[in-house]
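Report on one structure; see the data block that follows.
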């Protein structure tokens, strides 16, 4: 295990460089960061803690997946991560398009197809209309994940980009505290988290409605003037 961690750590400078470039891309993208009301509410980033890497490798090995120095970069795809948080779901498409723009330009490539974790039928239809595969987690976890890496033949490093609403982020932080890296065995807590997930989805939809109504009001006001 120590040799695997050392091997991963020896490439940390590459991860840090890629992470820095991703952060700069989102932070400098003008259309996502308008002063009046930016699409991006906030950005978080992290390099995965060694203890969590060890735990992840052990969980893979317990499932019969052998992690070696030859395949560790394929098996550990979230050593670095970026989380893009936005206010309401209708803003998501612009963020999705900005990621696709980087793919189409040839700077990045997807290591895996983008995936949306959602239990809500309306959200499922919305993401699938954008060409994003959906999956329902037993915990009702909700977020959209992209695994990207530099677009060259020798690319080893990759980054997990998560995109979610502010409501989903609140739920995610609570769930993470209880269910990560190992899920709770306390059933009532799990059920409460599922209820909270449904409340979060309601809050996100209401936020969409509020901003649509407000935008319509502004347009009507402009027309009357």
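The values are calculated or read from the model by the stated rules, or taken from the named source; none is laboratory data. Bear in mind that the values here come from a model prediction, so they are computed numbers and not experimental data. Cβ: placed from backbone, ideal geometry, glycine included. Neighbour counts: every protein chain shown.
Observations on the structure shown:
- The helices (runs of 4 or more DSSP H) located wholly in the range 30-125 that include 3 or more residues which are within 30 Å of residue 210 (Cβ to Cβ), within 21 Å of the chain's Cα centre (by Cα) and at pLDDT 95 or above occupy 92-104.
- Scanning the range 1-30 for residues that are loosely packed, with under 11 Cβ neighbours inside 10 Å and under 18 Å from residue 97 (Cα atoms) yields 24, 28, 30.
- Of the residues making up the range 175-186, those that are over 12 Å from residue 137 (Cβ atoms) and either part of a loop (DSSP other than H, G, I, E, B) or within 16 Å of the chain's Cα centre (by Cα) (or both) number 7.
- The selection criterion, being under 30 Å from residue 104 (Cα atoms), in contact with a strand residue (DSSP E or B) (Cβ under 9 Å, 6 or more places away or on another chain), assigned to a helix (DSSP H, G or I) and without any contact (Cβ under 8 Å) to a residue 40 or more places away in the chain, does not hold for residue 169.
- Those residues of the range 126-143 which are without any contact (Cβ under 8 Å) to a residue 24 or more places away in the chain and either surrounded by 15 or more Cβ atoms within 10 Å (Cβ to Cβ) or in a loop (DSSP other than H, G, I, E, B) (or both), in sequence order: 127, 131, 134, 136, 137, 138
- Given (1) in a helix (DSSP H, G or I); (2) modelled with pLDDT of 95 or more; (3) over 14 Å from the mean Cα position of the chain (by Cα); (4) crowded, with 17+ Cβ neighbours inside 10 Å, number of the condition residue 149 does not satisfy: (1)
- Test: residue in the range 47-64 that is without any contact (Cβ under 8 Å) to a residue 24 or more places away in the chain, surrounded by 11 or more Cβ atoms within 10 Å (Cβ to Cβ) and either in contact with a helix residue (DSSP H, G or I) (Cβ under 7 Å, 6 or more places away or on another chain) or under 18 Å from residue 161 (Cα atoms) (or both): yes
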